[in-house]
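Novice: Structure below; questions to follow.
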Amino acid sequence: MKSKKLQQQHASAIRILVAIGDFFLLNLAFFAVIYIFRTHYFGLLNYAELKYRIVLVNMSYAISLFSTGIILDRRIVFSENIVALVFRTTIIFAGILFAASSILSSTFIFTNWYWILYVVAVFICVSCWRILSRSILKSYRIHGGNHRQLIILGAGSVAQKVYNATVKNLEYGYRFIGFFDDRAKEDYKVDPSLVKGSLADVEKFAEEFGADEIICALPAGDDRKALPILRFAENNLIRFYIVPDFMRFIRKSVSLTTLADSIPIISLREEPLKAGMNRFLKRSFDILFSLAFTVFVFPILFIVLGTIIKSTSKGPIFFLQKRTGKEGKEFTCIKFRTMTVNKDADEKQATKGDARVTKIGAFMRKTNLDEMPQFLNVLVGDMSIVGPRPHMLKHTEIYSHLIDKYMVRHFAKPGITGWAQVTGFRGETKDLSEMEGRIKQDVWYIENWTFWLDLKIIFKTVANMIKGEEKAY
């Protein structure tokens, strides 16, 4: 029990230390803003008003921190998880400040724009602090601190994968007790020297070494043998985890939900955009960004590029083409026309040195300027700024029969730019493997979407526009 108590103390200490750092940076940023803008507004504050605002800021952040928590004490946490949690905490913090100021009938703490700067500063500082804290904690675990004793049930290939993912990653802080399995030694898929006994020996070793976690990686036919060990673990405050047997066949992230609150079901595809809040965030950004672009930038592009297009080749300024959208629905995609009018436009991809592409069209393709009218598609809801690029109907018909999971890309709205495009999979697909690579990247994006990933893709796209795309022709 001493080991369990020590583990709880370590976790509590981590959360407390991180929270102390949060509040230090919160107040440091507060006084920094006061100092920077003292001549504009804060010079009018007396001590009582200043004290009131300090209390309001700290109370608001305490409530937001309590509602979101701190996840750094977990064994496996990634930087994007940390930043996403800090973002939620900061949004709640700002909302509570607004509500508290309104209820108390006081001057709203965001009266001036520099208070917005304060909230942004809090988000950036706390994010950096927590990522730094995570790095320090990883180093501490690598050197033997904050460890957990681990037992793995099974000695097959799945058990070996669990071992590689946990014990071999020293920054997770696992100390390995051993594998336990009833199979014959010649059937081991792990190092035999690491197998400490049969399943009947688990309880003895768990008590002797003070096991903190047990991971069951037994095949389906043997997992019922783990039921007595499960009961033992729960009665001795040992965390028990089960690796589902289908991992041998499905090597990807899945999500577990319940049917009628009692029947567990597994979704074979994790889609963050199925969550209403995530869709709201993505759609709000799409509308605000595309509306600003359409009002302030697009008219200039239309006048300049439209004039050149009309004066250098016969035909319309815009090229309208039916493409496959979300859920396989057709929509009309809008582009600046980059080719001479031709009968193959709806079926044949542009190739290197394509005679159909005009001089201004080649420039627009190289810089992605031909895609800019698609912000209109974003505004009406047919597309998103970031997502899998929409394909011609003919290509959807062909590749859906040739490439496994091709249609999965249509679970999300198509985008003006996408993960596949910024990772080298854009332009002409000369053979099937190139299209397969593109589809793989599109499916990865759907399963791993975050708002920060969208921003990363946008920045990469802008950088590529500036230097010019090699495969854009």
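Readers should treat all values here as calculations from the given coordinates under stated rules, not as data from a laboratory. Only a predicted model underlies this, so the values are computations on that prediction, with no experimental measurement involved. Glycine gets a Cβ as well: all are built from the backbone with ideal geometry, and neighbour counts include every protein chain shown.
Novice: If you take every DSSP beta bridge whose two residues both sit in the range 276-467, what share of them, in percent to the nearest 5, is antiparallel?
Specialist: If I count the DSSP bridges inside the range 276-467, around 80 percent turn out antiparallel.
Novice: For the pair L132 and T423, how long in nm is the line joining their label points, each one 7 Å along Cα→Cβ?
Specialist: 3.2 nm
Novice: Under the 0.36 nm per residue contour assumption, what length would be gained going from the current alpha-carbon distance of F176 and N448 to full extension?
Specialist: Between F176 and N448, full extension yields 94.9 nm more.
Novice: At 7 Å along the Cα-to-beta-carbon direction for both N164 and S433, put a label point, then send me their distance in nm to one decimal.
Specialist: 2.3 nm
Novice: Calculate, for L288 and D404, the FRET efficiency according to 1/(1 + (r/R0)^6) with r their C-beta to C-beta distance and R0 22 Å; round to the nearest 0.05.
Specialist: For R0 = 22 Å, the calculated efficiency reads 0.05.
Novice: Right, next: Label S12 and N27 with points 7 Å out from Cα along Cα→Cβ: what is the distance between them in nm?
Specialist: In this crude spin-label approximation the distance works out to 2.3 nm.
Novice: Cross-link partners among lysines for K189, C-alpha distance below 24 Å, same-chain residues fewer than 8 apart left out?
Specialist: K161, K168, K204, K225, K252
Novice: Hey, which of these cross-link pairs are over 29 Å Cα-Cα: K335/K405; K343/K456; K359/K405; K282/K405?
Specialist: Long pairs (Cα-Cα over 29 Å): K343/K456; K359/K405.
Novice: Go ahead and run the numbers for FRET between I317 and K467, Cβ-Cβ distance against an R0 of 30 Å, rounding to 0.05.
Specialist: Taking R0 as 30 Å, the efficiency between I317 and K467 is 0.65.
Novice: Quick one: go through the range 393-411 and flag any residue whose amide nitrogen is under 17 Å from the point 7 Å out along the Cα-to-Cβ line of E271.
Specialist: 405-411
Novice: Also, quick follow-up: Per-residue HN-Hα couplings for the range 417-423, Karplus 6.51 cos²θ - 1.76 cosθ + 1.60 at θ = phi - 60°, whole Hz, x for Gly and Pro?
Specialist: Computed from phi, the couplings for the range 417-423 are 9, x, 4, 4, 5, 8, 10 Hz.
Novice: Given a Förster radius of 45 Å and the C-beta distance between K189 and M59 as r, what FRET efficiency does 1/(1 + (r/R0)^6) yield to the nearest 0.05?
Specialist: 0.20
Novice: Give, to the nearest whole percent, the P(r) tail of the range 311-392 beyond 21 angstrom, counting all Cα pairs.
Specialist: Here the tail beyond 21 Å accounts for 28 percent of pairs.
Novice: Using amide H atoms built 1.01 Å from N in the peptide plane, name the residues 5+ places from V195, or on other chains, whose amide H lies under 5 Å from its own.
Specialist: Excluding prolines and chain starts, which carry no amide H, the hits are F179.
Novice: Follow-up. For a quick check: with amide H placed at 1.01 Å from N, whose amide H comes under 5 Å from G387's, ignoring anything fewer than 5 positions away on the same chain?
Specialist: Result for G387 returns G415, I416, T417, G418, W419.
Novice: Output wanted: per-residue J couplings in Hz (rounded whole) for the range 285-290, from phi through Karplus 6.51 cos²θ - 1.76 cosθ + 1.60, θ = phi - 60°, x for Gly and Pro.
Specialist: Listing the rounded values in order: 4, 4, 5, 5, 5, 5 Hz.
Novice: So who's got an amide H within less than 5 Å of the one on F318, skipping anything under 5 residues away but keeping other chains? H placed 1.01 Å off N, in plane.
Specialist: Close amide H contacts, sequence-distant or interchain: R337.
Novice: Still on this structure: Could you give me D for the range 276-467, from Stokes-Einstein at 37 °C and 0.692 mPa s, where the hydrodynamic radius is the Kirkwood radius over C-alpha pairs? Units µm² s⁻¹, please.
Specialist: Once the numbers are plugged in, D ends up at 192 µm²/s.
Novice: Same structure, new question: Between Rg and the Kirkwood Rh of the range 148-251, both from Cα atoms, what is the Rg to Rh ratio?
Specialist: 0.93
Novice: Could you line up R365, R269 from fewest to most neighbouring Cβ atoms inside 10 Å?
Specialist: Starting with the residue having the fewest Cβ neighbours, the order is R269, R365.
Novice: If you place +1 on the Cβ of every Lys and Arg and -1 on the Cβ of every Asp and Glu, how big does the dipole about the Cα centre of the range 148-251 come out, in debye to the nearest 20?
Specialist: The dipole magnitude comes to about 280 debye.
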